[in-house]
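Asks: Right, I'll just put the structure down here and ask away after.
What follows draws every value from the coordinates through simple rules; no lab data is involved. None of these values were measured; they are calculated from a predicted model. Note that we place each Cβ from the backbone using ideal geometry, even for glycine, and neighbour counts take in every protein chain shown.
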């Protein structure tokens, strides 16, 4: 039996074309980056790719199909099933489509964006994680990214970006 490796994911969403240079520092050493939609300018993905391999999904701002990115994705890292979709929550509640997505995909981790509100909570055996928005400041919400570390257990944290 091989030893369990540790994998670290940088998680980002709702950049709306803004690449904050602090992301390079906060994502230093990550094995993968997941962008949960509302990318904006596609060049932003190139900047993230310079840090680590990127999996991205499109969001409503990206025009979904027009962006060239899928609307949802499923990946497996370290035996954890990770699903990514831009809209899972809206107005503080799990949407009907979001619940159907979770029921259909049965993930260990669900990464999403859209609300610009950071979230890290368990729904049964699924970690629901929204990194918050790394784009231009909106309302009174903090600008944030996240990191998820996977070994035998999961740990997730939010990192505040300066305004």
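Asks: Please arrange 84, 75 by counting, for each residue, the other beta carbons lying within 10 Å of its beta carbon, fewest first.
Replies: By the 10 Å Cβ count, ascending, the order reads 75, 84.
Asks: Given a Förster distance of 25 angstrom, what is the FRET efficiency for residue 96 paired with residue 149, based on the Cβ-Cβ distance and rounded to 0.05?
Replies: 0.20
Asks: A further question follows. What is the stretch 87-163 by shape, rounded, prolate or oblate, if you read a ≥ b ≥ c off the alpha carbon gyration tensor as root eigenvalues and call it rounded for a/c under 1.5, prolate for a/b larger than b/c, and oblate otherwise?
Replies: Verdict is oblate for the stretch 87-163.
Asks: Related question: Would you compute, from DSSP H runs of 4+ residues alone, the mean residue ellipticity of the chain at 222 nm, taking -39500 (n - 2.57) per run and dividing by the full residue count, rounded to the nearest 500? Working shown, then result.
Replies: Working: 3 runs with 22 residues, N = 163.
Value at 222 nm, helices only: -3500 deg cm²/dmol.
Asks: Can you tell me what share of the DSSP beta bridges in the stretch 7-160 is antiparallel? A percent to the nearest 5 is fine.
Replies: Of all bridge pairs located within the stretch 7-160, approximately 65 percent are antiparallel.
Asks: What order do you get for 110, 8 when you list them from fewest to most C-beta neighbours inside 10 Å?
Replies: 8, 110
Asks: Over every pair of different alpha-carbon atoms in the stretch 118-160, take the mean of 1/r and invert it; report that Kirkwood radius in Å.
Replies: So the Kirkwood estimate lands at 11.3 Å.
Asks: Continuing with the same structure: Which length gain, in nm to one decimal place, applies between residue 79 and residue 65 when the Cα-Cα distance is subtracted from 0.36 nm times their residue separation? Intermediate results must be reported in sequence, preceding the final value.
Replies: Numbers: separation 14, 0.36 × 14 = 5.04 nm, distance 2.94 nm.
Full-extension gain reported as 2.1 nm.
Asks: Would you mind computing, in nm to one decimal, how far apart the modelled labels at residue 17 and residue 162 are, each placed 7 Å from Cα along Cα→Cβ?
Replies: Each label point is offset 7 Å from its Cα along the Cβ direction, giving 2.5 nm.
Asks: For the stretch 7-160, state what percent of all Cα-Cα pairs lands in each successive 10 Å bin, counting from 0 Å until the bin that includes the largest distance.
Replies: Percent of pairs per bin, in order: 12, 47, 35, 5.
Asks: What ranking of 71, 6, 140 emerges when the number of other C-beta atoms within 10 Å of each C-beta is taken as an exposure proxy, fewest first?
Replies: Details: 71 17, 6 11, 140 5.
The fewest-first ordering by Cβ neighbours comes to 140, 6, 71.
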